[in-house]
Amino acid sequence: DRAGLTAEVITYRRRSAVRDVGKVLGLSLDAVDRIAKRVDRWEKNPFADSQAGSVAAQLEALGFDPTDTTIRLLIQLAHEITGFPRHLSQHVGGFVITRGPLCELVPIENAAMKNRTVIEWDKDDIDAMGMLKVDVLGLGMLTCLRKGFELVEQHHGRELALATIPAEDPAVYDMVCTADTLGVFQIESRAQMTMLPRLKPRCFYDLVIEVAIVRPGPIVGDMVHPYLRRRNGEEPVEYPDEIIKEVLGKTLGVPLFQEQVMALAVKAAGFTPGEAEKLRRAITAWTSKDDIARYPSRFIAGMLHNGYSREFVEWCFKRLRGFSRYGFPESHAASFALLVYASAWLKCYYPAVFAAALLNSQPLGFYAPAQIVRDARDHGVEVRPVDVNQSDWDCTLEDEGHVLRLGMRMVKGLRKDDARAIVKTVRQRGPSATPFELWRASGVSISSLRALALADAFRSMHLDRQHALWGLQTLHGRPLPLFDRLAGEAHPV
């Protein structure tokens, strides 16, 4: 009763506003859908301009009469409610801890999940009240690494942890520099893979920068190309004074982290630490008109007062504005970089383990299981298919940990309980010779056996997909103990 999840206020956007107003006005769903998808911008007065590209012109191109009263009312009302609250949702990771019972301090409601409580205030309300809010991230890569370390210990006799992985391994950085990072935490996207050969990480802090630089903030603030040019020696690194060098030196004069923005505000613009924190919050949200007017003008005036040239001040401010599109704190990037290195190290030295851990942690990352399997084969891993007499639910390692056996979790439409029953049966009774024998011994559903047949998982019974499916056609209902022998003779497959 002293902890609850933070709410999130979902506001109307253009499409949702058009759809809801259209329903209220009784317009057909088809008409509302066409307008919501195709009218792509608002003006302050939607019908004041009749030029090409205006709302009126777009409506006319869709076959609607822009002078129609209902259509005009739809657009005007949708325009007015854009930005208004639509409904209350649950924040992805924020929760609040209080000393006393929540119900005595804040309005609460039951969450969709059992035994969970949602506070009917968002993060800004919580912050204004001075209450403690903690953001908790659930990272699937932590699960993947844990499973990977367990497999390494089980098959290779080596105990590993995040703190004990050999640091600064050149082979790992060689692999990363070639963008051989499918499945590696944070640097597996196409954008990151494109950046890796250009940035060429050779140490841990390079990974910190790699994590932070491929973000909307640095890209919009035009920080990426200047950093790369300076890193590659194509552009000189110059600082107006030692203060700026102290703040921006480790990123070659380009502000990439939120902490650097705060340090610039304090050391170069005369902000107090508290004001710098408010500036950081203002530019990461950048929604309040008061904040937009107050802090940037104060930042610019402070730097000019301290003797910096207007050209340099405007250059800094442009980068500062880029952080309104999402930039990383350095601490966040560093913690992520540790997982980047750990997952890259595991992929480099134990590719079979890494592939098994990835597959056993799905859904995770950018890539489908088939792509992970193909990448494992490209790294010399022998991959064996799902088999009813060989596979567990999870993917496992065989032949001293160098061969990957796909698990039954890879089979679409197979119930986990049925897979567990099959594994238990094989362990207790040994391999089954026919699908009927397996069905009779395990009691699994015929639909699960059919899913396994479609996955070609009866090869150990010398049955291909077609013959296995054909044999399953004769099975009905559930196996009964009566006349088992006769039934077995009647079902050779």
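Only the coordinates and a few stated rules stand behind these numbers; no lab work does. Being a predicted model, the structure only gives us computed values, none of them experimental. All Cβ positions, glycine included, derive from the backbone under ideal geometry; neighbour counts span all protein chains shown.
For an R0 of 56 angstrom, estimate the FRET efficiency from the Cβ-Cβ distance between Q154 and L62 and round to the nearest 0.05.
On the way: r = 62 Å, r/R0 = 1.10.
Plugging the Cβ-Cβ distance into 1/(1 + (r/R0)^6) gives 0.35.
From helices alone, the chain scores -15000 deg cm²/dmol at 222 nm; the rule is -39500 (n - 2.57) for each run of n ≥ 4 DSSP H residues, then divide by the residue total. Note on the chain: antiparallel DSSP beta bridges, both residues inside, total approximately 75 percent of the bridges counted. Amide H contacts for E8 (H built 1.01 Å from N in the peptide plane; partners 5 or more residues away or on another chain; cut-off under 5 Å): S89, Q90, H91. Around the amide H of I108, modelled in the peptide plane, lie the amide H atoms of E120, all under 5 Å away and 5 or more residues distant in sequence or on another chain.
Net length available on complete extension from A301 to R465 is 51.6 nm, with 0.36 nm assigned per residue and the Cα-Cα distance removed.
Would you mind counting up the charge near K23? Only other residues with Cβ under 15 Å from its Cβ, with Lys and Arg at +1 and Asp and Glu at -1.
Residues near K23 contribute +1 overall.
Computed over the alpha-carbon pairs of the chain, the distance histogram in 10 Å steps reads 3, 14, 16, 19, 21, 15, 8, 3, 1, 0 percent, short to long. Amide H contacts of R384: L404, R405, L406, each under 5 Å away and 5 or more positions distant or on a separate chain (H built 1.01 Å from N in the peptide plane; Pro and chain starts excluded). For the pair R281 and L105, what calculated FRET efficiency results from E = 1/(1 + (r/R0)^6), where r is the Cβ-Cβ distance and R0 = 22 Å, to the nearest 0.05? It comes to 0.45. Of the DSSP H helices in the chain, those that are both long (alpha-carbon extent of 20 Å or more along the helix axis) and hydrophobic (Kyte-Doolittle mean at least -0.5) are 140-156, 289-305, 330-349.
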